[in-house]
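Below is one structure, written out as structure tokens, with a few remarks after it.
Each value in this text was obtained by applying a stated rule to the coordinates, not by laboratory testing. Since the structure is predicted, the reported quantities are computational estimates derived from the model, not experimental observations. Quick reminder, even Gly has a Cβ in these numbers, built from the backbone with ideal geometry, and neighbours come from all protein chains shown.
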Amino acid sequence: MLGCDKAETARAARRALLGDAQLSQLGLEPIAVGPGVVELHGWVPSRTLRARASRIVAAVPGIDSLVNCLLVRGEDDASAPLDVTDQPA
């Protein structure tokens, strides 16, 4: 029974995201990891949209806890160039 509840929680979170004009095309993925617990995964173009997605999903009935794993393009995908002299032999 919990599996069904978890699945419905994830579906409800997905519907809430799809119902928002600014978030609907981003392909964000809510994953129910436990009863009332959802992780939110994907990429957003700004911190503002990261916060917006978090607020929308957290407001879904049945979600008691949200782990926001969203990454911001231009911030979280930037990596420093590797210095090959620092690499182990």
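Sorted by packing (mean other beta-carbon atoms within 10 Å per residue), highest first, where do 67-78, 27-38 land? Walk me through the numbers before you get to the answer.
Details: 67-78: 12.3, 27-38: 17.0.
For the peptides 67-78, 27-38, the packing ranking is 27-38, 67-78.
Stretching the chain fully between residue 48 and residue 11 yields a gain of 11.0 nm (0.36 nm per residue, less the alpha carbon separation). Using the Stokes-Einstein relation with a Kirkwood hydrodynamic radius computed over Cα pairs, the translational diffusion coefficient of the range 2-78 at 37 °C and a viscosity of 0.692 mPa s comes to 268 µm²/s.
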